[in-house]
Amino acid sequence: DFRRSCALTKKTEEEEEEEEEEIVLVRAIRERDVKDASKVFRDSFEGSPDEKPRGFVLRYLLEACVVDEEDVDDAKNAETTTTANKKNPYEVCFVGVTTKTNEETGETVEDEVISLVSVALDVRSRIVDDPNPPPSDAPYVCNMAVSARHRNKGVAKAMLEAIGEFVPSVGGCDVWLHVRELDEKAVRVYERFGFETVKADEKNPLLNLVLNRKESRKGRMLMRKVLAEGCNFIL
């Protein structure tokens with residue numbers, strides 16, 4: 001049951017100079033998170049080429065990554081860690097959840113799902129006919145989204161750091177993803193976190209002529225970040 005806490009920094013509305021700390025918990029997705037996580041994704045990609053069909057099937061994909069609640073509780077109470085069950089052992093999904101303090105008990109409790117990221121651990125949980133795929137045994141970021149109200153606070157960084165910790169713990173040494181060239185903000189986020197472009201999709205002049213759309217003139221970039229020394233690959 002992977003989980004980590006990360007402090008986010010936000011400016012208060014009353015006084016921009018004053019900063020307030022907010023804690024986001026990054027953990028494995030649960031059944032209760034699927035609906036909210038799907039909404040975060042749909043809202044984030046509304047109007048983009050990625051809104052459909054992926055947004056339509058995302059809920060079913062996330063449900064395959066759900067960690068069994070009872071197994072998680074058993075693992076927390078046991079002296080030795082047990083492996084939680086889920087429907088798809090080749091993909092993992094993390095959600096970012098804000099926290100708040102319960103006024104009656106003083107305990108820190110979960111509040112709102114604000115982000116998600118899913119990682120396919122090998123080709124068995126990826127689209128196999130991708131025209132520009134990463135290595136078949138490479139961990140691959142399939143979906144990542146942050147709620148619009150919580151952007152520019154370090155949430156994406158927290159999610160990527162979680163991946164950077166998790167992948168080596170299961171034997172991976174690097175992580176891959178695709179990003180659209182037109183999504184310049186996302187490209188900058190990944191580059192700041194250490195991703196480098198390996199290859200770009202080939203342009204299709206005929207498609208450009210037929211569609212006459214800006215989206216068709218620029219494709220996707222395949223990016224990679226090395227997480228361990230001596231990590232080689234062959235495309």
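Quick notes on this one:
- Where the Cα pairs of the range 137-193 fall when distances are cut into 5 Å bins, in %: 4, 16, 28, 26, 16, 7, 2, 0
- Once the chain from Ala200 to Glu31 is taken as fully extended at 0.36 nm per residue, the excess over their C-alpha distance is 57.2 nm.
- Pair-distance distribution of the range 90-166: all C-alpha pairs, bin width 5 Å, starting at 0; shares per bin in whole percent are 3, 14, 20, 17, 15, 13, 9, 4, 3, 2, 1, 0.
Each reported figure results from applying straightforward, stated rules to the coordinates on display, with no laboratory input. It should be emphasised that the depicted structure is a prediction, and the values quoted were computed from it without experimental measurement.
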